[in-house]
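Q: What follows is a single structure, and I will ask about it in a moment.
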Amino acid sequence: MLRLIVLGSAAGGGFPQWNSAGPGCLRARAGDPAARPRTQCSLAASADGRRWVLLNAAPELTAQIAATPALHPHPAPGQVRHSPIAAAVLTGAEVDTVAGLLSLRERHPFALYAAPQALAVLAANPIFRVLDPGLVPRRPLAVGETELEDAAGEPLGLTVEAFSVPGKIPLFLEEGADPGHEEEGSTIGLSIRAGDAPPAFFIPGCAAMTPALCERLRGAALVLFDGTLWRDDEMRRTGAGVKTGARMGHMSVDGPGGVIAAFRDLGVRRRVLVHLNNTNPLLLADSPERALAGAAGWEVAEDGMELFVQPTPPAVRAGPA
C-alpha cells in the first residue's frame, strides 16, 4: 500500500503569504475556519509507514515535520539522533522546491533524487554543500522507473518514474524576456507506487496538458495536480502581480484549456489540486469556485491530508454453473 501525507499544499509564499493583504490572506490570518492556512507544497510517501520519502523540500520543511508525527524521530534505545526520512525526490529546482534541503544538514543520511537539470542547479550553488555528499548521495533520475533506496542502498519499497511536463526553468535562472516553456526536464512529474498498488501521480507544476500526458494519466487511481491559479489572469485581476499563469508555467484550473476541462474524459478515480496560490479562491471553503471544482470531482489539498493507494484486488472469476 502507498501512503501519502500532504505536508504542504500552497504555492510559493504559502497561505497567507507574508506580504499579502488580499482578502483570502486576511481571512486566514483572522482564523477564519473557511480559510485554513497552508505551507508550501511538498508530500511524504511511504510503503511501510516507517521509512519516508519527501517529494520536494519546501522552505517550511522543519515546521511540516513538526506537524507530522510520522516524520518524528523514533530512536532505538541509546540512540541520540534519528529520522524516518530516508530519501527526497525533487520535481524541479525552484526555491520553494529545494530550500527545505538546507534544513536537513544535521548529518542525517538520506538519498537525494532529481533530474540532472535540478542536480546541476544544486551543484552550481555552494550553499548546498552543507549536505555532505558522503551522507546525502545525489542520484539522477534515469529514464524509466527507479527503485528508490536510502543512502546506504537499502530498498524503500517505492518505485518512481520521472517524466517531463511543459514548464519553465527556475525563476532565479531567467534572464531578460519570457523564456517560454520547455519539456526537457526542468519541470518533471512523478509517478510513485508501492508494490502491487497502482501508481499515484504528483504534478505540482504543469504549463499545458499534452496528448502524451493525457495518455499517461488516463484511468489513474490518484493524481495530485497543479492548481496554482483558478484563472490565467488572476494575479492581474487581484492586483497581486503582472504575470499570467501561463507566463509562470502553470495551467489555470478553470476555462476551456484548464485543468478541469483537460481531465474531464480521462477517467482518473481521485483528483486532488495542490500548489494553490494565495490569490486562488479555491483556498476558501465557502467560495463558488470551490463548489464548482467539487461538482467536477476535484478535491482541494490541505496540509496534513492523508491519501492511500491500495493494491488492486485480483479479478474474481465466476466458477462453473
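The values are calculated or read from the model by the stated rules, or taken from the named source; none is laboratory data. In this text the structure is predicted, and so the values were computed from the model without any measurement. Note that each Cβ is placed from the backbone with ideal geometry, even for glycine, and that neighbours are counted across all protein chains shown.
Q: Might you let me know whether segment 95-110 holds any residue that is crowded, with 21+ Cβ neighbours inside 10 Å, of a type in the set (D, E, K, R) and outside any loop (DSSP other than H, G, I, E, B)?
A: Within segment 95-110, one or more residues are crowded, with 21+ Cβ neighbours inside 10 Å, of a type in the set (D, E, K, R) and outside any loop (DSSP other than H, G, I, E, B).
Q: Then there's this: Hey, among the residues in segment 195-216 that are surrounded by fewer than 21 Cβ atoms within 10 Å (Cβ to Cβ) and either of a type in the set (D, E) or in contact with a Phe, Trp or Tyr (Cβ under 6 Å, 6 or more places away or on another chain) (or both), which one's farthest from A47 (Cα to Cα)?
A: E215
Q: Looking only at segment 46-58, how many residues end up being in a loop (DSSP other than H, G, I, E, B) and either closer than 22 Å to P140 by Cα or among the hydrophobic types (A, V, I, L, M, F, W, C) (or both)?
A: Total meeting the criteria: 5.
Q: Something else about it: Read through the list (1) under 16 Å from the mean Cα position of the chain (by Cα); (2) in a loop (DSSP other than H, G, I, E, B), then give the number of the only condition that V268 fails.
A: V268 satisfies every listed condition except (1).
Q: While we're on this one: Which pairs do you get when a residue that is part of a strand (DSSP E or B), found in segment 128-141, comes within reach of a residue that is among the acidic types (D, E), reach meaning Cβ atoms under 9 angstrom, with the pair 6+ apart or on two chains?
A: Qualifying pairs under 9 Å: R139/E149.
Q: Would you list the helices (runs of 4 or more DSSP H) that sit entirely within segment 192-248 and hold 1 or more residues that are closer than 20 Å to A11 by Cβ and without any contact (Cβ under 8 Å) to a residue 40 or more places away in the chain?
A: Output list reads 234-238, 245-248.
Q: A221 is checked against (1) under 30 Å from G22 (Cβ atoms); (2) surrounded by fewer than 21 Cβ atoms within 10 Å (Cβ to Cβ); (3) hydrophobic (A, V, I, L, M, F, W, C); (4) within 18 Å of the chain's Cα centre (by Cα) and fails just one. What number does that condition carry?
A: Every condition holds for A221 apart from (1).
Q: Search segment 281-294 for residues that are on the phi < 0 side of the Ramachandran plot and in a loop (DSSP other than H, G, I, E, B) and pair each with any residue that is aliphatic (A, V, I, L, M) and surrounded by fewer than 17 Cβ atoms within 10 Å (Cβ to Cβ) when their beta-carbon atoms are under 7 Å apart and the residues are at least 6 apart or on different chains.
A: Cβ pairs passing all conditions: L284/A34; A285/A34; D286/A34.
Q: Give the residues of segment 146-156 that are in contact with a strand residue (DSSP E or B) (Cβ under 6 Å, 6 or more places away or on another chain) and touching a residue at least 40 places away in the same chain (Cβ under 8 Å), sorted by residue number.
A: Result: L148, E149, D150, A151, L156.
Q: Please pick out the residue among T39, T68, T62, T97 that is under 20 Å from A162 (Cα atoms), under 20 Å from the mean Cα position of the chain (by Cα), polar (S, T, N, Q) and modelled with pLDDT of 95 or more.
A: Only one candidate passes the filter, namely T97.
Q: Being part of a loop (DSSP other than H, G, I, E, B), under 27 Å from L156 (Cβ atoms), touching a residue at least 24 places away in the same chain (Cβ under 8 Å) and of a type in the set (A, V, I, L, M) is the requirement here; does A70 meet it?
A: Against the criterion (part of a loop (DSSP other than H, G, I, E, B), under 27 Å from L156 (Cβ atoms), touching a residue at least 24 places away in the same chain (Cβ under 8 Å) and of a type in the set (A, V, I, L, M)), A70 does not qualify.
Q: If a residue has to be assigned to a loop (DSSP other than H, G, I, E, B) and at pLDDT below 85 to count, how many in segment 156-191 make the cut?
A: 15
Q: Next up: Taking the conditions exactly as written (closer than 20 Å to A200 by Cα, in contact (Cβ under 8 Å) with a residue 40 or more places away in the chain and hydrophobic (A, V, I, L, M, F, W, C)), does A35 satisfy them or not?
A: Answer is no for this residue.
Q: Taking segment 11-24 only, how many residues are of a type outside the set (F, W, Y), within 21 Å of the chain's Cα centre (by Cα) and under 12 Å from A35 (Cα atoms)?
A: Here the count works out to 1.
Q: Return the residues of segment 295-305 that are outside any helix (DSSP H, G or I) and under 22 Å from G219 (Cα atoms); say none if nothing qualifies.
A: Passing the criteria: A296, G297, W298, E299, V300, A301.
Q: Given (1) in contact with a Pro (Cβ under 7 Å, 6 or more places away or on another chain); (2) within 23 Å of E94 (Cα to Cα); (3) of a type outside the set (K, R); (4) in contact (Cβ under 8 Å) with a residue 24 or more places away in the chain, where does L119 come up short, assuming only one miss?
A: Result: L119 fails condition (4) only.
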